[in-house]
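Participant: There's a structure below that I have some questions on.
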Amino acid sequence: MKKFKPLLLKFGLGTAIGTINGFFGAGGGLVCVPILMKLNFERKEAHANAVAVILPITIASATLYVLKGRVDILSALIYIPGGIIGAIIGTFIMKKISPSLIKKLFSLFMIWAGWRLIFK
């Protein structure tokens, strides 16, 4: 039973991340990175693993939204090539900068995102 508790906790955390990502359409990574850091992941590994965790969650959410008719597929497709290019650029940038700078940039992004949600 002792070995089962960490798995159950991680399952619960995954459920919370998926709920946030599915409900807000994004944001699961903002929760996932700090959780992975608490689970002793190094900062760069936490960010990289958050992407790996969010990918299938996002695919599941997107599929359900498409099936429910809430997505204009043609309008959404235009963002995918640029998003893929941006993801590639982001992975190269992360390799080259320090974990301290990543922490500061991530913090600034979270503050900016919160400010926009509150005031716009």
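Participant: So if each residue of separation counts as 0.36 nm, and I subtract the Cα-Cα distance between residue 42 and residue 118, what length gain in nm does that give?
Facilitator: Values: separation 76, 0.36 × 76 = 27.36 nm, distance 3.08 nm.
Result: 24.3 nm gained on full extension.
Participant: Would you mind listing how long the chain runs along its three principal axes, going by Cα atoms, in whole Å with the largest first?
Facilitator: 47, 39, 31
Participant: Per residue, how much accessible area does the chain show when a 1.4 Å probe rolls over the protein heavy atoms, in square angstrom?
Facilitator: Dividing the accessible area of the chain by its residue count gives 78 Å².
Participant: Just check segment 1-66 against the gyration tensor rule for me: Cα atoms, a ≥ b ≥ c as the square roots of the eigenvalues, rounded for a/c under 1.5, and otherwise prolate or oblate depending on whether a/b exceeds b/c. Show your work: numbers first, answer last.
Facilitator: Details: a/c = 2.40, a/b = 1.38, b/c = 1.74.
Oblate is the answer for segment 1-66, as a/c is 1.5 or above yet b/c matches or exceeds a/b.
Participant: Within the chain, how many lysine pairs that are 8 or more places apart, or on different chains, have C-alpha atoms less than 16 Å apart?
Facilitator: Lysine pairs satisfying the spacing and distance rule in the chain number 10.
Participant: May I ask you to give the percent of accessible area on the chain that is carbon plus sulfur, with a probe radius of 1.4 Å? All intermediate terms of the calculation are to be shown ahead of the outcome.
Facilitator: Values: 6930 of 9370 Å².
Exposed carbon and sulfur together represent 74 percent of the surface.
The values are calculated or read from the model by the stated rules, or taken from the named source; none is laboratory data. From a predicted model like this one, the values you see are computed outputs, not experimental measurements. Heads up: the accessible areas ignore ligands, DNA and RNA and are worked out on the full protein's heavy atoms, side chains in. Shrake-Rupley method; radii C 1.70, N 1.55, O 1.52, S 1.80 Å.
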